[in-house]
Amino acid sequence: GRFNYQMGETFVLPKESIREDIMIIPGTDGEKMSKSRRNYINIFLSDKELKKQIMSIQTDSTPLEAPKDPDKCNVFALYKLLATEAQTAQMAANYRGGNYGFGHAKTALYELILEKFAQPREKFAYYMDHLSQVDEILREGAEKASQVAKQTLQRVREKLGYL
């Protein structure tokens with residue numbers, strides 16, 4: 001920004017894009033989701049490992065038959081991030097109606113993740129089995145980035161009078 005101010009438009013400045021409704025995503029332990037806290041859900045795990053990770057989300061000990069408050073549940077908070085409004089409303093009604101346990105909610109979250117991320121999970125598995133293609137894609141990307149960087153450096157040098 002400072003360079004652009006002093007020398008004229010040279011760099012494209014990034015613009016923030018923060019949605020207020022999802023500024024803080026809860027982790028599996030109810031705290032803010034963070035890789036360093038290891039309380040995140042890795043959607044690229046195998047089905048079995050993903051289910052195990054989701055089933056380990058911390059919940060309280062409210063009995064199955066008792067109504068539950070969806071606004072105080074980690075599983076519901078994560079589900080709401082991915083689900084449609086209708087799905088979210090249905091799960092909230094299930095919570096409030098009783099006879100709906102956290103196991104049911106975790107299973108619904110697991111199934112939703114499998115559905116929502118089916119294509120990226122498939123691509124990930126494919127590329128993990130074809131690492132030479134990943135190397136080729138990275139090489140092509142590096143070439144493209146190098147060309148863009150050269151053009152940017154050219155503009156900077158012109159602005160600074162080094163050409």
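For K51, a cut-off of 12 angstrom between C-alpha atoms picks up these aspartates and glutamates, skipping any fewer than 8 places away in its own chain: E111. Axis of helix 131-160 versus longest Cα principal axis of the chain: the two differ by about 50°, to the nearest ten degrees.
Projecting the Cα atoms of A89, Y127, M23 onto the charge dipole of the chain, computed from C-beta unit charges around the Cα centre, puts M23 farthest toward the positive end.
Considered as an equivalent ellipsoid built on the Cα gyration tensor, region 1-126 has semi-axes of 35, 19, 14 Å, the largest given first. Distant-in-sequence amide contacts of G27, defined by a placed amide H-H separation under 5 Å and a gap of 5 or more residues or a different chain, comprise K32, M33. The distance linking region 108-150 with region 32-91 is 26 Å (Cα centroid to Cα centroid, whole angstrom). Here the dipole of the chain is about 520 debye; that uses its Cα centre as origin and unit charges on the Cβ of Lys and Arg (positive) and Asp and Glu (negative).
A probe of 1.4 angstrom, applied to the heavy atoms of all protein chains, finds Y110 with accessible area near 30 square angstrom.
Looking at the chain, the accessible area is 73 square angstrom per residue; that uses a 1.4 Å probe and ignores ligands, DNA and RNA. When the solvent-accessible area of region 14-163 is split by element, carbon and sulfur atoms take up 53 percent of it, the probe being 1.4 Å. Computed over the chain with a Gaussian network model linking Cα atoms closer than 10 Å, the most mobile of M55, M23, M91 is M23.
Taking 21 Å as the limit for the C-alpha separation, the pairs K15/K123; K15/K150; K15/K35; K35/K144; K35/K68; K72/K106 exceed it in the case of K15/K123; K15/K150; K15/K35; K35/K144; K35/K68. Size estimate for region 71-163 follows the Kirkwood approach: the inverse of mean 1/r over distinct Cα pairs works out to 17.6 Å. The relative contact order of region 1-63 comes to 20 percent, based on Cα pairs under 8 Å that sit 6 or more residues apart.
More than 16 angstrom separation, counting every C-alpha pair in region 10-70; what % is that? Beyond 16 Å sits 64 percent of the P(r) for region 10-70.
The values are calculated or read from the model by the stated rules, or taken from the named source; none is laboratory data. As the structure is a prediction and not an experimental result, all values here were calculated from the model. Every residue, glycine as well, gets a Cβ built from its backbone with ideal geometry; the counts of neighbours run over all protein chains shown. Areas reflect the complete protein model, heavy atoms only, side chains present, ligands, DNA and RNA absent. Shrake-Rupley method; radii C 1.70, N 1.55, O 1.52, S 1.80 Å.
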